[in-house]
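A quick write-up on the structure given underneath.
The values are calculated or read from the model by the stated rules, or taken from the named source; none is laboratory data. Because the structure is predicted, anything quoted here is derived from the model rather than measured. Positions of Cβ are backbone-derived with ideal geometry, glycine not excepted, and every protein chain shown enters the neighbour counts. Side chains are part of the model used for accessible areas, which takes the heavy atoms of the whole protein and leaves out ligands, DNA and RNA. Shrake-Rupley method; radii C 1.70, N 1.55, O 1.52, S 1.80 Å.
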Amino acid sequence: MPDFLNKLYIGGEWRDGDNGKVFDVLNPADETVLTTVADGTVEDAMACLDAAESAFPSWAARSPRERGEVLRRAFDIYMERIEDIARLITLENGKAGADAIGEAKYAGEFFRWYAEEAVRSVGYLGMAPSSGARLMVQQKPAGIAVLVTPWNYPAAMGTRKIGPALAAGCTVVVKPASETPLTMLALVPILEEAGVPPGVINILPSRSSGAVVGAMLADRRVRVVSFTGSTEVGRKLLHAAADNVVKPAMELGGNAPFIVCHDADVEAAAEGLMVAKMRNLGEACTAANRIYVHENLEEPFVDAFTAKMAKLKMGDGLKTGTDVGALVNAETRDKIDHFVRDAVQKGAKVKLGGIRPNGPGFFYPPTVLAEVPDNAECLRDEIFGPVAAIQTFSDENEIIERANDTEYGLVAYVYTGDMSRGLRISEQLEFGMIGLNRGLVSDPAAPFGGVKQSGLGREGGKEGLLEFQETQYISAEW
Ligand code: NAD
């Protein structure tokens with residue numbers, strides 16, 4: 001493990017924390033300590049803001065093309081090192097090699113996409129209808145952005161924010177999840193080599209998330225807070241952002257329905273669910289959480305899906321042939337175990353898995369539950385693991401209502417052989433994203449995000465850039 005991976009990165013320098021304290025980062029596959037990392041303090045957070053403040057004027061003044069070219073170089077260098085990044089993701093997060101390389105590629109694409117989008121930020125010129133004054137409208141960098149990321153995608157949840165922020169001309173402070181800070185720190189040499197000047201990006205691992213993020217949001221220099229994580233923490237940050245009217249972008253929790261209509265291709269739907277449920281071993285806000293199969297297809301669908309799940313091999317994510325790696329920590333594993341026990345105790349039938357292995361390592365096997373009763377806790381809360389909870393339905397209108405019966409609204413999936421049915425259902429679903437005959441919606445070129453308690457704003461696409469920009473209008477007498 002390179003030395004710099006245990007430090008803070010502030011103003012272009014690697015530093016120990018202000019109070020000299022460190023915290024452990026574990027390997028979830030065997031529970032050993034991978035390394036210790038400096039534990040950032042409020043004083044360190046203020047040093048990050050000082051650095052971001054002094055770097056801001058010159059970075060914001062660079063031409064969009066120059067900023068785009070820095071990001072494009074970052075993409076090229078990143079792609080040369082992608083295997084190392086993926087390995088680090090597996091080491092600190094536990095996910096299997098294929099999931100890690102999948103994440104690493106997705107993460108890198110945000111440098112390329114926003115290298116291209118940096119130069120497509122256009123304004124417009126118009127004439128005021130009554131006064132005849134000229135209206136000049138342009139986008140400007142919003143200022144210093146605080147980026148707070150979760151552990152489930154240690155690289156992608158960072159680059160999905162860093163790419164657009166740097167493209168827009170913002171300077172940033174990143175607070176990575178304390179379970180997985182190493183991948184974010186490992187991006188630094190890539191960004192430095194690509195030409196990102198000191199202070200434009202600062203990285204602050206910390207176990208005192210509430211204190212350091214709270215202190216930054218209380219500082220008037222911060223203009224944007226972009227957060228990915230749980231709805232619970234998102235709400236706290238929205239409260240904190242309100243005091244200084246900081247622009248929020250919130251990517252929060254989900255509870256995705258996966259609907260298989262009576263006319264769906266069973267094999268395609270089962271394959272789609274493998275992706276929607278098992279990508280990242282279910283540790284995804286986009287993971288299918290409530291699976292609704294038309295009653296006529298229940299048996300063939302459950303059989304086809306269970307057969308695919310049974311082929312997956314669980315083990316250390318670094319070993320070749322592993323499909324399902326370790327969960328990030330004991331808490332996540334225990335919560336999943338609780339959901340399964342609760343559902344079974346209430347009447348669900350275990351088709352596969354359902355037994356928590358002994359350690360070491362935070363493992364839980366691919367599990368299929370059929371006939372899950374409505375009062376099972378796993379239908380209300382995010383499972384965040386490799387457990388598929390299946391129910392049936394008989395009527396299209398009924399299923400739309402059941403699918404919408406959640407406080408969340410991130411993503412929903414629909415499988416049908418009839419595109420007009422698919423679009424009809426999709427339009428009635430109260431979700432920010434719909435996978436129609438697809439088990440995967442994430443794409444750097446598309447606006448990722450949810451409605452209701454799943455968040456505010458969008459990441460990716462052209463929309464992602466707007467989160468880091470402010471619109472300025474000049475009224476001019478010609
Ligand atoms: P979390 O909310 O516990 O933590 C996310 C980040 O916030 C971490 O960096 C954490 O250290 C920090 N944090 C925790 N408490 C804080 C506080 N009081 N003030 C400031 N920062 C604080 O989430 P997690 O467990 O890391 O991630 C899982 C959650 O993230 C799930 O709910 C999942 O659905 C969600 N998620 C959403 C998306 C999306 O795009 N919508 C993507 C990935 C994950």
Within the range 74-94, the residues that are assigned to a helix (DSSP H, G or I) and under 26 Å from residue 31 (Cα atoms) are 82, 83, 84, 85, 86, 87, 88, 89, 90, 91, 92, 93
Members of the range 12-51 that are open to solvent by 30 Å² or more (accessible area, probe 1.4 Å), not β-branched (Val, Ile, Thr) and not in a strand (DSSP E or B): 16, 18, 19, 20, 21, 30, 31, 43, 46, 50
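Give the range 429-457 a look and list any residue that's touching a strand residue (DSSP E or B) at 6+ places or on another chain (Cβ under 7 Å) and away from the ligand (no atom under 13 Å from the Cβ), or say none. Explain how you work it out, then say what you get.
Taking the range 429-457 and keeping what is touching a strand residue (DSSP E or B) at 6+ places or on another chain (Cβ under 7 Å), we get 429-437, 439, 441-442, 448-457.
429, 430, 434, 435, 436, 437, 439 - these are the residues of the range 429-457 that are touching a strand residue (DSSP E or B) at 6+ places or on another chain (Cβ under 7 Å) and away from the ligand (no atom under 13 Å from the Cβ).
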Tell me, yes or no, whether the range 458-475 has at least one residue that is assigned by TED's automatic domain parsing to the domain that holds residue 348, in contact with an Asp or Glu (Cβ under 7 Å, 6 or more places away or on another chain) and either more than 30 Å from residue 144 (Cα to Cα) or within 16 Å of the ligand (Cβ to nearest atom) (or both). no
If I ask for residues that are surrounded by fewer than 22 Cβ atoms within 10 Å (Cβ to Cβ) and more than 17 Å from residue 74 (Cα to Cα), which ones from the range 175-188 would you list? 178, 179
Name the single residue that is nearest to the ligand (Cβ to nearest atom) among those in the range 175-194 being in contact (Cβ under 8 Å) with a residue 60 or more places away in the chain and in a loop (DSSP other than H, G, I, E, B). 178
Among residues of the range 158-174 being more than 14 Å from residue 467 (Cβ to Cβ) and in contact (Cβ under 8 Å) with a residue 60 or more places away in the chain, the residue surrounded by the most Cβ atoms within 10 Å (Cβ to Cβ) is 171
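Please verify whether residue 316 is under 14 Å from residue 269 (Cβ atoms) and either surrounded by fewer than 19 Cβ atoms within 10 Å (Cβ to Cβ) or β-branched (Val, Ile, Thr) (or both), treating the condition exactly as stated.
No: the conditions fail for residue 316.
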In the range 434-467, anything closer than 18 Å to residue 163 by Cβ, open to solvent by less than 10 Å² (accessible area, probe 1.4 Å) and in a loop (DSSP other than H, G, I, E, B) is listed as 449, 460, 461
All conditions in (1) farther than 30 Å from residue 128 by Cβ; (2) surrounded by fewer than 22 Cβ atoms within 10 Å (Cβ to Cβ) are true of residue 386 except (2)
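So if I check each of 288, 242, which one is within 22 Å of residue 379 (Cβ to Cβ), away from the ligand (no atom under 11 Å from the Cβ) and either more than 22 Å from the chain's Cα centre (by Cα) or outside the structural domain of residue 74 (by TED's automatic domain parsing) (or both)?
Being within 22 Å of residue 379 (Cβ to Cβ), away from the ligand (no atom under 11 Å from the Cβ) and either more than 22 Å from the chain's Cα centre (by Cα) or outside the structural domain of residue 74 (by TED's automatic domain parsing) (or both) holds for just one of 288, 242, which is 288.
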